[in-house]
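Have a look at this one.
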Amino acid sequence: MKLASIVLAAGKGTRMKSRHPKVLHQVCGMPMIHYTVKVATTNGAEKTVLVIGHAAEEVQKYLGDRVDYALQNEQLGTGHAVQSAIPVIPDDFDLILVTYGDMPLLTAETLQKLVQTQAANPGPLSMVTMISPDPRGFGRILRDKSGVVKAIVEEVQCTPEQLEITELNVGAYCFEAKWLRQVLKRLPLSPKGEYYLTDVVGIAVQDGLRVATFTISDNNEALGINTRIHLAEAESVMRKRILEQWMLAGVTVIDPASTYIEESVSVGMDTIIQPNTFLRGDTVIGEGCVIGPNSIITDCQVGNRCVILAVVMEKAVVEDGVDMGPFARLRKGAHLGPGVHMGNFGEVKDSYLGAGTKMGHFSYIGNATIGKDVNIGAGTITCNYDGEKKHPTVIGDRVFIGSDTMLVAPLNIGDDARTGAGAVVTHNVPPAETVIGVPAKPLRKSKTSE
Ligand code: UD1
Ligand code: CA
């Protein structure tokens, strides 16, 4: 069975009150269209066609070549949108799955069950339904006395009696491809001037064909997003889903209500996430770490057994056994080697700190390469910027940098060298040398000159 997917995303999303297309609004760090496309393609679909229209370029720019596109110039309804996608799907496809781009919580399992339902259906289409006393404007499923589906009626067209129906159209369908191609031509124009995809159900029934249904048990899956209130609801459901996935994989989350893990993040076993922690973007956290409370980690790699307390870090790499915080900051290009200790009020940018190096208090390290087991005294600053350019600082192994040292780059400090407290180091320091003073001079020489 050759399966294709059509995802509808051409609508304006007027009720979002936004300059951006609805499907690019984010849920747990990813535009909602990311989820709908992912689910539509993880079901063995060999082709996924996204119908775009309003702000088409912006949507296309985000998804690139993850999907094929069909342009719906005028938004004349969901039936018309599907029709726009049909020419993009070759004739040899057997089944076509149709979903809506504004439903990011629908799961791959549900679509899989939908495809299975259709595989067992002698008729040409199956659809997903839900039972809910809160209709949210969804289409109502009409059945006859024996329970056979008769039609979907859109809310605007419902009689008062039909409005009471609690079985609703979720908005996911699986069609026999050949039949869908033909039936779309027969869609009537609604009083609102649109071609409703949902009208194909009534047409099938009139032709004596069977429409099968699959009813979801978790209604959260059907949370469609039309307003920013729905967006916040979807965020909270998705967030819980992501957290539960990590908890089941062996991660302790002390307080799910104040923990934010984006869907692109991964976390290792036996890591404990303390409250008020944000893990964002392409972040990977190793095993056995304690993260937070109060940490914001974006696009970072963190090794195993790290302790990261009240830290803000982005685009940084932290190797095994690093101990950070509270109140440390890692910026782009920071790389802490194994077992580094970084205490309070430190900042590291574009720098490597070798294994076992300690930077306890109030330091700034930028554009530096620092060796193993170095002690960076409190208040040390790499003066890396001369007002025009950034300059590098290179520090060897086992160096002792005294408190409040200013390292005026470019600068090279050899292995086992030492600087005195308050030194302003303006020249390279050879291995094992001790320099003191302002500007810093070798300890021996400054003694002889006295
Ligand atoms: C639709 C269904 C309704 C269902 C509900 C579930 C129809 C007629 N109604 O209503 O039965 O209960 O979803 O969420 O299908 N779109 C286009 N081109 C268009 C119109 C819409 O691409 O011309 C896209 C939209 O961008 C959106 C999706 O189709 O992603 C659904 O459209 P929307 O207007 O949100 O339909 P609903 O009123 O929610
Ligand atoms: Ca909708």
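The values are calculated or read from the model by the stated rules, or taken from the named source; none is laboratory data. A quick note: this is a predicted structure, and the numbers were derived from the prediction, not measured. Virtual Cβ from ideal backbone geometry, glycine too; neighbours counted across all protein chains shown. Ligands, DNA and RNA are stripped out before the accessible areas are found, and what is left, the full protein with its side chains, is counted by its heavy atoms. Shrake-Rupley method; radii C 1.70, N 1.55, O 1.52, S 1.80 Å.
List the number of the failed condition for H80; all other conditions in (1) open to solvent by 10 Å² or more (accessible area, probe 1.4 Å); (2) assigned to a loop (DSSP other than H, G, I, E, B); (3) within 16 Å of ligand 2 (Cβ to nearest atom) hold.
Unmet for H80, out of (1) open to solvent by 10 Å² or more (accessible area, probe 1.4 Å); (2) assigned to a loop (DSSP other than H, G, I, E, B); (3) within 16 Å of ligand 2 (Cβ to nearest atom): (2).
Could you say whether any residue in the range 286-295 is assigned to a strand (DSSP E or B), of a type in the set (S, T, N, Q), open to solvent by less than 30 Å² (accessible area, probe 1.4 Å) and closer than 19 Å to I261 by Cα?
no
May I ask you to say which residue of A257, A234 is under 30 Å from Q118 (Cα atoms) and in a helix (DSSP H, G or I)?
Matching residue, one of A257, A234: A234.
Out of all the residues in the range 352-378, which are out of contact with any His (no Cβ under 7 Å at 6 or more places or on another chain), in a loop (DSSP other than H, G, I, E, B) and either at pLDDT below 95 or open to solvent by less than 50 Å² (accessible area, probe 1.4 Å) (or both)?
G354, A355, G356, T357, S363, G371, V374, G377 - these are the residues of the range 352-378 that are out of contact with any His (no Cβ under 7 Å at 6 or more places or on another chain), in a loop (DSSP other than H, G, I, E, B) and either at pLDDT below 95 or open to solvent by less than 50 Å² (accessible area, probe 1.4 Å) (or both).
Exactly one of (1) of a type outside the set (F, W, Y); (2) assigned to a strand (DSSP E or B); (3) more than 12 Å from ligand 2 (Cβ to nearest atom); (4) open to solvent by 10 Å² or more (accessible area, probe 1.4 Å) is unmet by M1. Its number?
That leaves (2) as the condition not met.
Next question. Can you tell which of V311, V317 is under 15 Å from T259 (Cα atoms) and over 16 Å from the mean Cα position of the chain (by Cα)?
V311 is the lone residue from the list that is under 15 Å from T259 (Cα atoms) and over 16 Å from the mean Cα position of the chain (by Cα).
Filter the range 134-167 down to residues that are more than 15 Å from ligand 1 (Cβ to nearest atom) and in a loop (DSSP other than H, G, I, E, B) and give me whichever is farthest from T213 (Cα to Cα). Even if it seems obvious, please write down each step before you answer.
The first filter runs over the range 134-167 and keeps only residues more than 15 Å from ligand 1 (Cβ to nearest atom), leaving 143-148, 159-161, 164.
Going one step further and asking which of them are in a loop (DSSP other than H, G, I, E, B), we end up with 144-148, 159, 164.
Working: D144: 14, K145: 16, S146: 14, G147: 11, V148: 10, T159: 23, E164: 20 Å.
So the residue we want is T159.
Right, another one. Among the residues of the range 85-114, count how many are open to solvent by 30 Å² or more (accessible area, probe 1.4 Å) and within 23 Å of W179 (Cβ to Cβ).
Here the count works out to 9.
Restricting to the range 27-50, name every residue that is within 16 Å of ligand 1 (Cβ to nearest atom), assigned to a strand (DSSP E or B) and within 13 Å of Y62 (Cβ to Cβ).
Within the range 27-50, P31, L50 qualify.
If I ask for residues that are open to solvent by less than 40 Å² (accessible area, probe 1.4 Å) and farther than 19 Å from N73 by Cβ, which ones from the range 31-61 would you list? Break it down into steps so the answer makes sense when it comes.
Quick first cut of the range 31-61, residues open to solvent by less than 40 Å² (accessible area, probe 1.4 Å) only: 31-37, 39-40, 43, 45, 48-53, 55-56, 59.
Across the range 31-61, the qualifying residues are P31, M32, I33, H34, Y35, T36, V37, V39, A40, N43, A45, T48.
Picking from S126, S132, which residue would you name as being at negative phi, within 16 Å of ligand 2 (Cβ to nearest atom) and open to solvent by less than 30 Å² (accessible area, probe 1.4 Å)?
None of the other options fit; the residue is S132.
Name the single residue that is farthest from ligand 1 (Cβ to nearest atom) among those in the range 13-22 being over 13 Å from H230 (Cα atoms) and either surrounded by 15 or more Cβ atoms within 10 Å (Cβ to Cβ) or of a type in the set (S, T, Y) (or both).
This residue is S18.
Related question: Which one is farthest from Y100 (Cα to Cα) among residues in the range 202-224 that are within 13 Å of ligand 2 (Cβ to nearest atom) and touching a strand residue (DSSP E or B) at 6+ places or on another chain (Cβ under 8 Å)?
A222
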